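Quick notes on the structure that follows.
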Amino acid sequence: MKSTSLKSNNESLLILGKSGIGKTTLLHLLAGILSPDNGNIFINDTNITNFSSKKLDIFRGKHIGIVFQNTIAVSSLTVYENLQARLYFSGIANQKEAIEDILKQLDLVSVKNQKPNTLSTGQLQRLGIALGVIHKPAIILADEPT
């Protein structure tokens, strides 16, 4: 594969395949978490392949939402604080209303002051979804979201 291009235009793409075939690796490449051995990766006409770590973090924080198989949240922060941090690192000013709204939508209001290690598996997965979409990214990559 010479070049992989991913554009956001309100479309959905489902990638199916047997376990171990490389679906998660592909998502990590598209998110810029992994670098390709060769070729280029374009996200919305932007070649992210040779971005520095810092530039890639900034780009990812503004344009890409990631929902991992296992939720990655800061264990020392509450659910609410994790969402605040996600917005902060995306360069978005604290938006209390947006956080409260997503907590309601994902039925997490009752646990907003709890730490991630106290959540049920379902609550943790919903927190992962919230973290992946709170900053309104152009592209959402979800690895086995069900």
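The values are calculated or read from the model by the stated rules, or taken from the named source; none is laboratory data. Computed from a predicted structure; not experimentally measured. Every residue, glycine among them, receives a Cβ derived from its backbone with ideal geometry; neighbour counts consider all protein chains shown. Side chains are part of the model used for accessible areas, which takes the heavy atoms of the whole protein and leaves out ligands, DNA and RNA. Shrake-Rupley method; radii C 1.70, N 1.55, O 1.52, S 1.80 Å.
Counting each DSSP H run of 4 or more residues in the chain as -39500 (n - 2.57), what helix-only mean residue ellipticity at 222 nm follows after dividing by all residues, to the nearest 500 deg cm²/dmol?
About -11000 deg cm²/dmol.
Peptides 110-116, 24-30: what's the order by average Cβ count within 10 Å, highest mean first?
On the way: 110-116: 15.6, 24-30: 17.6.
Highest to lowest by the protection proxy: 24-30, 110-116.
Over the chain, what is the relative contact order in percent, taking alpha-carbon pairs closer than 8 angstrom and at least six residues apart? Please list the in-between numbers first.
Details: 185 pairs, mean separation 43.4, N = 146.
Normalised by residue count, the contact order of the chain is 30 percent.
What Kirkwood hydrodynamic radius do you get for the chain when you take the inverse of the mean 1/r over all pairs of distinct Cα atoms, in Å? Walk me through the numbers before you get to the answer.
Working: mean 1/r = 0.0620 Å⁻¹.
Result for the chain, one decimal place: 16.1 Å.
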For a label point 7 angstrom out from the Cα of residue 114 toward its Cβ, which stretches of the range 47-79 have the backbone nitrogen within less than 18 Å?
71-79
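Rounded to a whole number, what % of the accessible area of the range 11-112 do carbon and sulfur atoms account for, probe 1.4 Å? Intermediate results must be reported in sequence, preceding the final value.
On the way: 3380 of 6500 Å².
The nonpolar share, carbon plus sulfur, comes to 52 percent.
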Under a point-charge model restricted to the Cβ atoms of Lys and Arg (+1) and Asp and Glu (-1), what is the dipole moment magnitude of the chain relative to its Cα centre, in debye to the nearest 20?
160
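Set the Förster distance to 35 Å, then compute FRET efficiency between residue 105 and residue 25 from the Cβ-Cβ distance, nearest 0.05. Kindly include the intermediate steps, with their values, before the conclusion.
Numbers: r = 31 Å, r/R0 = 0.88.
Taking R0 as 35 Å, the efficiency between residue 105 and residue 25 is 0.70.
Tally the DSSP beta bridges in the chain and give the antiparallel ones as a percent, rounded to 5. Can you show the working numbers first?
Details: 2 of 10 bridges.
Percent antiparallel among DSSP bridges in the chain is about 20.
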Residues meeting the amide H criterion for residue 141 (H placed from the backbone, H to H distance under 5 Å, 5 or more places apart or on another chain) are 65, 66, 67
Given a 1.4 Å probe, how much area per residue of the chain is accessible, in Å²?
63
With springs only between Cα atoms under 10 Å apart, run a GNM on the chain and tell me which of 31, 93, 130 wobbles the most.
93
Do the alpha carbons of any pairs in 23/96; 54/104; 62/112 sit beyond 26 Å of each other, and which pairs?
23/96; 54/104
